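> Sharing a structure here in structure tokens format.
Quick note: the coordinates plus some simple rules give every number you see, no bench work behind them. Just so we're clear, the structure is a prediction, and the values are computed from it rather than from any experiment. Every residue, glycine as well, gets a Cβ built from its backbone with ideal geometry; the counts of neighbours run over all protein chains shown.
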Amino acid sequence: MRRTTVRLSDDLSRRAKDRAARQQITFTQFIEDAVRNQLANPETLAPGERIVLPVFGDPAKALNWEDLKRQIEDQEWADDMKGLGIKAQDHDASA
């Protein structure tokens, strides 16, 4: 085990000690757990850094914003009609 000096703000140190006490662990155990958890998580992105999300299905069939908005409006309309006890059939939000 290695002894290390870490500088923390007074507020951060107090909050960490309070949390450790509530968890009934030592301050050292709390700090070790916090570092372990941080290292276990994937690295966060730098500000402005972009990520590439996977795409599933046919990109040619992807919805654009207008299509998505129309589908949401259609669903909201159907939900409103259902709430009124009316069966929604073939509603066209653009009509």
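> Please indicate, with yes or no, whether at least one residue in segment 47-66 is in contact with a helix residue (DSSP H, G or I) (Cβ under 9 Å, 6 or more places away or on another chain), free of Cβ contacts under 8 Å to residues at least 60 places away in the same chain and in a loop (DSSP other than H, G, I, E, B).
yes
> Is segment 43-55 home to any residue that is exposed (fewer than 12 other Cβ atoms within 10 Å of the Cβ) and under 30 Å from R3 (Cβ atoms)?
The answer is yes; a qualifying residue exists.
> Could you check, for segment 15-34, whether at least one of its residues is under 21 Å from the mean Cα position of the chain (by Cα), surrounded by 10 or more Cβ atoms within 10 Å (Cβ to Cβ) and free of Cβ contacts under 8 Å to residues at least 60 places away in the same chain?
The answer is yes; a qualifying residue exists.
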